[in-house]
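Input: a single structure, listed below in structure tokens.
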Amino acid sequence: MAAPVLRAGVVSVSRAAAGRRSILSAAYVDSSKWDEREKEVHSLAELATLMDRTYERNLPVSSLTISRFIDNISSREELDQAEYYLYKFRHSPNCWYLRDWTIHSWIRQCFKYGAQDKALYTLKNKVQYGVFPDNFTFNILLDYFIKSENYEDAMSVVSEIMLQESFDDFSTQLLSLYVLYQYLATKSEFTWEEERNLGASLLLTGLKQTNTVGFSSQLYGYTFLGKVELNKGLRAVYHQMPLMWTPGYLNRALQVMDSVASLPGDVKICKEAIDVLETILQSVPEVKTDPEPSEEVEGKPKQTESEETEQSKLPVYLTQFKNLYSKLHSLDKVESESLLTLTTQLVKEKLPACEVEDIAKHEQKLKEWEQEQALLMEREKEMRKKAKQEQEARKLAKAST
Amino acid sequence: MARPFTGKRLPVLAWEDARRESRLFALLCQRPLFGLGRVVTRKAWLWQYEEPCYWLITRVRVDYTAENLDHGKAWGYLTFRGKTYNEVKEIDKVMYHDWRMVPKHEEECFKKFTPVSVEIIQYVPYPPLLRAMILAQRQKEGKLDTQEPLIDLEKIIIFTNDYFKNQKKAKGTPV
């Protein structure tokens, strides 16, 4: 147990010295504390037969059983079995009671046995598996994908966080922003779904922050969403997304610029985001003539109405944008550095402090989970006692008659 | 457009909505803890009323036999046209393709509502002929009451059968 931890510690220290690759420190990601906690040792075969019998009799399986199963995984094949039992649990009457620590333990076990793609798969199909991780677990996932420079998968994790709307921790926000800007740097052409996901994630992370990166992300997010709104209609923007259904996303982008211009202090907006907004405001009138003949007449009058009003407002937006841009320029609030460098800077400055906080919070959470687990086990024991007593009483009654 | 289990067709007016919107649990199954504590609205309310109408979800019971866990029952606090009711009620019309979830960052803005004070009118003047009859009756009886006769809208008047039978016939014309 000690040797692999030391090795991991040494490796990541050297990586941190190299500078780029690791984002989170070793203390955050290392799983020694998690592995050291008291675990009950059960045989997986026993638990599996117990669960199968309970499902056959249509009785609910307790959340303790599934958590014990996941804790006691010891090989890659057993991970697949655990996946099956997670699916069954989700489709049982107790699906609401899948515990946080079970989900955390599942992700940790996936990482331990090298099945990160399986973890990602269960996360993407969270409806079928019930995998809704908390912020700490999301951070670990993101860190792994950042370390392996797999920005596509990291982007899908960020989309999942966005769909769950859990950008509450500062560390999660920083990591997600880093991933988003790296992903934007790698690819230049996106499908409209990717643009929509990017826009929503940028927006939701940006809304939580009040610095240059935050406001620029908000602007960038609104711009992407405005582009999708113009090309595909408002419904495409808000359907199955945590976004508002009122039209006018480009208008909101301009309002962000306005609010930054009127805010005191050192907050600026990056030129990158402003350039993107400018290109969209200027380029879309060319595309306007194309979608009309190819659009299916499925009778979506409201949608085409909102599109038309948006497109007709474009020249108005353009003039407003030019005014606001000149205002920002005169107030010297235009940042010329790229967003990626700004984000990396911010990450380097703020992340260590956040990490310490997060680790403390996580340890507290571990204690709470242990307490809850102890309570549940006590309750289970009491229920078993009662069931035994009742059985004995029934036997006595039968024997006496 | 047909229901998935029985295969029966949905009513015509619902076809458009079934394509565009989603059922409540189709939204809830994608959230942690099935969207407890979240605010949900109906598109029909959005189109019909200016004031905010929404449900705040407090309890969820999912139908675990559904493949995508997108059916079930839910309970919560209703706020209809700005007025919040303090009782936990079962959410009605859960299976309608009509629901939208309010994003967390927009919840405050959505719930904002300044109630317009409603004037309750209690006294209303009588119609002219009836007013003339009342004044004429007062004059006959000799009451020198110059107060305008007014109908009290809050008063509950119950007429029994005997009231009309016992009314004596007045002398002369009513007015």
Given B:Asp63, B:Asp17, which one is touching a His at 6+ places or on another chain (Cβ under 8 Å), open to solvent by less than 40 Å² (accessible area, probe 1.4 Å) and modelled with pLDDT of 85 or more? B:Asp17
Would you check which residues across the range B:110-124 are open to solvent by 100 Å² or more (accessible area, probe 1.4 Å) and within 14 Å of another protein chain (Cβ to nearest Cβ) and list them? B:Lys112
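Any residue at all in the range A:172-182 that is within 14 Å of chain B (Cβ to nearest Cβ) and within 30 Å of A:Leu64 (Cα to Cα)? Outline the logic, then answer.
Filtering the range A:172-182 down to residues within 14 Å of chain B (Cβ to nearest Cβ) leaves A:173.
Narrowing further to those that are within 30 Å of A:Leu64 (Cα to Cα): none.
No: zero hits.
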Count, please, the residues in the range B:37-60 that happen to be at pLDDT below 90 and open to solvent by 60 Å² or more (accessible area, probe 1.4 Å). 1
From (1) in contact (Cβ under 8 Å) with a residue 40 or more places away in the chain; (2) within 26 Å of A:Glu363 (Cβ to Cβ); (3) surrounded by fewer than 21 Cβ atoms within 10 Å (Cβ to Cβ), pick out the condition that doesn't hold for A:Ser166. (1)
Would you kindly identify the helices (runs of 4 or more DSSP H) lying entirely within the range A:60-142 that contain at least 3 residues that are within 15 Å of the chain's Cα centre (by Cα)? A:100-112, A:116-124
Please list, ordered by first then second residue, the pairs with beta carbon atoms under 6 Å, 6 or more apart or interchain, first in the range A:326-353 and open to solvent by less than 40 Å² (accessible area, probe 1.4 Å), second among the aliphatic types (A, V, I, L, M) and outside any strand (DSSP E or B). A:Leu328/A:Ala261; A:Val334/A:Leu328; A:Leu342/A:Val213; A:Thr343/A:Leu177; A:Thr343/A:Val213; A:Leu346/A:Val213; A:Val347/A:Leu174; A:Leu351/A:Leu174
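Quick check: anything in the range B:131-144 away from every other protein chain (no Cβ under 14 Å) and under 38 Å from the mean Cα position of the chain (by Cα)? Full working, then the answer.
Initial filter on the range B:131-144 (away from every other protein chain (no Cβ under 14 Å)): B:131-144.
Then drop every residue that is not under 38 Å from the mean Cα position of the chain (by Cα), which leaves B:131.
Yes; the residues of the range B:131-144 include at least one that is away from every other protein chain (no Cβ under 14 Å) and under 38 Å from the mean Cα position of the chain (by Cα).
The values are calculated or read from the model by the stated rules, or taken from the named source; none is laboratory data. Here the structure is a predicted model, which is why all the values come from computation and not from measurement. Heads up, the Cβs are rebuilt from the backbone with ideal geometry, glycines too, and the neighbour counts pull from every protein chain shown. Just so you know, the surface numbers come from the protein's heavy atoms only, side chains and all, with ligands and any DNA or RNA stripped out. Shrake-Rupley method; radii C 1.70, N 1.55, O 1.52, S 1.80 Å.
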